[in-house]
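A quick write-up on the structure given underneath.
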Amino acid sequence: MDSKAAARAAFERVEEEMVALSHRIHAHPETKWEEERACAWLGEALDGYGFAVESALCDLPTAFQATAGSGPLHVVVCAEYDALPGIGHACGHNIIAATAVGAGVALAEVADDLGLTVRVMGTPAEEGGGGKILLLQGGAFDGAHLAMMTHPAPIDIAEWPIIAAQQFRIRYTGKEAHASAFPELGLNAADALTVSSVAIGLLRQHIHAGDRVHGIVTHGGEAPNIVPAHTEAEYIIRGETVADFALMRERVMRCFEAGALATGTTLDVVPRHEPYAEMHHDPVVAAAYRRNAEALGRTFPPFDPRAAGSTDMGNVSLAIPSIHPAIGIDSLPAVNHQPEFTAQCATPAADRAIADGAVAMAWSAIDCATDDAVRTRLLTGS
C-alpha cells in the first residue's frame, strides 16, 4: 500500500469517531479561552491514538500539543474549537477540530516511513483572542516547517483571502446628571460614542477597498433619565495587510478621539489582542492541497475576493510556510457567522468536509515530504 492509500485507510478507521467528535463539540459550544471540554476531548482522542499529548501548552489552559513520529520534517496541523457568543459554532470550528485530529491520525500512519514528525496543535481563542499569536510568542511553533488547517465555508477556496485585523474595547467616561432637570451639568459619554460612530461612518467613503471597520455598543448607559457617564463599545479594524491596517487604525482612532473632544469626556482604548496579520498561503503547498482535494471530488468555483476574513493563522504564515484553505459545506444561502450556518455545521455535508479536509491535508503533507525540492525548501527555509 502506498503512503496516500495508507493515510486514507488510517483516517477511514477513525472517521465515525471524528464525526462524533465534531457533533459533540457542536452541541457544547464554548467561547474563547473557555474551551475546556473541547480541548480535553481532543487530547483524550489523540492520546488514545498513540500521540504524546502535552496539555496547557505555553501556559494556556485550553491549548495543547499532540505529537507522533520522529522524522526531521515537522508538520503542524492546527485545531480550533472556540465558538461565537450567542450563536455557537457559526464558524464551524467543531469541523476544524475533528478535521485536524483526523489529518493527524492519517499522517501518523506514515510518519516514520516518510521522515515526518506530526504535531496536532490545539489553538484556542481564534475568535478575538489571538491564541496562535501567544503560542508563536511562547515558542510552540519553534522547529515547525509547515503548518496547515482547513476552515468551513459555503464553498471550497484554495487560497482564501485573509486580511489583517485587531479588536479594541472603546470606553468613554463623562459625568452623570439628571437628564431633565440638570442636563447642563453632565458630560455625555453616549454622545461621545455617537459622534465617533458618525465620524467612522463618514470615513468609510474614503477608505481603501481592502479596509474594514465595524463594531457594537456593549454598554450605552444606566437609565434614560441619567446622563450616561460610562459607555463602552467593541470595534474591529481591518486592513488588507498589516501596513494597511496600521494606517486604518490611525484614522479610526482619530474618530474616537473626536468623540471625546466634542463632549469633554475621556477616552480609553484597550487592544483585545495583538494584530492579526494577513495570510500568506504557501503557493506550492496550496496548489498541492487543491490537487488532492479535487482528486477527492471537491470543486473550486469562482468566488468574490472581497469576501475576506481575518485569523491569527495569518501570523503563523508569516513565520513558517502555511495554508488555510476553505472547505465547502454546501451551506448557501447561509454564510459564516449566521445562526443558519451553525445548523449547517453538523450535517452530512459538514461530515463529508471532515473526511475530505483531513485526507487532503494528509496527502498534501505527503506530497511535501516526497518531493525532494519542496522537502529541501521546507527543511532549510530557503
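Brief remarks on what is shown
- For Ser317: the one exception among (1) among the hydroxyl-bearing types (Ser, Thr, Tyr); (2) crowded, with 18+ Cβ neighbours inside 10 Å; (3) in contact with a helix residue (DSSP H, G or I) (Cβ under 8 Å, 6 or more places away or on another chain): (3)
- Test: residue in the stretch 171-182 that is more than 30 Å from Arg291 (Cα to Cα) and in contact with a Cys (Cβ under 6 Å, 6 or more places away or on another chain): no
- Checking each residue in the stretch 142-189 for being under 24 Å from Glu257 (Cβ atoms), of a type in the set (Phe, Trp, Tyr) and out of contact with any Ser or Thr (no Cβ under 6 Å at 6 or more places or on another chain) picks out only Phe168.
- Lone unmet requirement of (1) closer than 15 Å to Ile162 by Cβ; (2) modelled with pLDDT of 95 or more; (3) aliphatic (A, V, I, L, M) for Ala308: (2)
- Evaluated against (1) out of contact with any helix residue (DSSP H, G or I) (no Cβ under 6 Å at 6 or more places or on another chain); (2) under 30 Å from Val75 (Cβ atoms); (3) assigned to a loop (DSSP other than H, G, I, E, B), Ala125 falls short on exactly one condition, (1).
- Within the option set Thr311, Thr347, being out of contact with any helix residue (DSSP H, G or I) (no Cβ under 9 Å at 6 or more places or on another chain) and among the β-branched types (Val, Ile, Thr) holds for one residue only, Thr347.
- Number of residues in the stretch 18-59 that are in contact with a Phe, Trp or Tyr (Cβ under 8 Å, 6 or more places away or on another chain), small (Gly, Ala, Ser) and within 24 Å of Ala343 (Cα to Cα): the value is 1.
- For Ala209, the conditions (1) more than 24 Å from the chain's Cα centre (by Cα); (2) over 20 Å from Phe168 (Cβ atoms); (3) touching a residue at least 24 places away in the same chain (Cβ under 8 Å) are fulfilled apart from (1).
- In the stretch 170-186, the residues that are closer than 14 Å to Thr265 by Cβ and assigned to a strand (DSSP E or B): Ile170, Arg171, Tyr172, Thr173, Lys175
- Going through (1) surrounded by fewer than 24 Cβ atoms within 10 Å (Cβ to Cβ); (2) assigned to a strand (DSSP E or B) one by one, Gly139 falls short only on (2).
The values are calculated or read from the model by the stated rules, or taken from the named source; none is laboratory data. Here the structure is a predicted model, which means the values were calculated and not measured. Positions of Cβ are backbone-derived with ideal geometry, glycine not excepted, and every protein chain shown enters the neighbour counts.
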